[in-house]
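The values are calculated or read from the model by the stated rules, or taken from the named source; none is laboratory data. Quick caveat, the model's predicted, so the values are computed rather than measured. Here the Cβ positions follow ideal geometry from the backbone for every residue, glycine too, while neighbour counts run over all protein chains shown. Heads up: the accessible areas ignore ligands, DNA and RNA and are worked out on the full protein's heavy atoms, side chains in. Shrake-Rupley method; radii C 1.70, N 1.55, O 1.52, S 1.80 Å.
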Amino acid sequence: LLLEKCATVKEAKKEILMNRVLYRFLTGHMVLVDATGDACIFEIDAKTQHYVFVDRKPNEPLYCTNHPVSSFPDSSTFPKYDPDAEHNTFARMDFLNNLYNNKGNEVFANKGVGPLTKEDAIAMTDSVHCSFVDDKIAEAGKKERTLLNTTADLSKREFYVNFYVRDVEPVPGTNKMKDMMTKRYTFGF
């Protein structure tokens, strides 16, 4: 419906508000983006079923893990968590924020100079894959894995997606499991 009728985030918000959206399986939010760089996270409040939009701040990235961003917008609102719980939604969000705020990190192609590149964004999403040796320590479900990774490049009007294939081997000295993903597929919008 949104892809057929809406060209902008503003139009998508209006369309959502004019329709009944059913709670979707496995995820409580939907990221909406358009070619102008406008973006938001659409969520349905679990208790009230109210529709909530969390707008992207100008010139800032927008990402989400598995918690409702409208209820927990930043680290100051997160509940305490065990730092070893790498799959904990708040741990992953803190990790992404810290990674972004320290863009000189080795995962970034441009080492913090200029805007994020497509490769930078992909490296960020790849860094929070759910693939662990000991799922219990990581607070992941038994054999839970990231099944797909999606990243968008608004300047090119493209998004990229790849899919989980299988575990490969443990990463020495960590609780992480190296996994095999498919090649990245590119789609235009």
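Quick rundown of the values:
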item: Residues satisfying the stated conditions in the range 143-189, i.e. open to solvent by 50 Å² or more (accessible area, probe 1.4 Å), over 21 Å from Lys118 (Cβ atoms), touching a residue at least 24 places away in the same chain (Cβ under 8 Å) and not in a loop (DSSP other than H, G, I, E, B); result: Pro170, Lys176, Lys178
item: Selection within the range 126-167 - of a type in the set (Asp, Glu) and closer than 21 Å to Glu60 by Cβ; result: Asp126, Asp153, Glu158
item: Residue list for the range 118-142, filter: open to solvent by less than 80 Å² (accessible area, probe 1.4 Å), assigned to a helix (DSSP H, G or I) and aliphatic (A, V, I, L, M); result: Ala121, Ile122, Ala123, Met124, Ala138
item: Unique residue being aromatic (Phe, Trp, Tyr), in contact (Cβ under 8 Å) with a residue 12 or more places away in the chain and open to solvent by less than 30 Å² (accessible area, probe 1.4 Å) when the list is Phe95, Phe78; result: Phe78
item: Glu15 over 29 Å from Val133 (Cα atoms), surrounded by 11 or more Cβ atoms within 10 Å (Cβ to Cβ) and more than 18 Å from the chain's Cα centre (by Cα); result: yes
item: Residues satisfying the stated conditions in the range 25-50, i.e. within 18 Å of Tyr63 (Cβ to Cβ), open to solvent by less than 40 Å² (accessible area, probe 1.4 Å), at pLDDT 85 or above and not in a loop (DSSP other than H, G, I, E, B); result: Leu32, Ala39, Cys40, Ile41, Phe42, Glu43
item: Filter result for Val161 (over 18 Å from Arg92 (Cα atoms), modelled with pLDDT of 95 or more and among the aliphatic types (A, V, I, L, M)); result: no
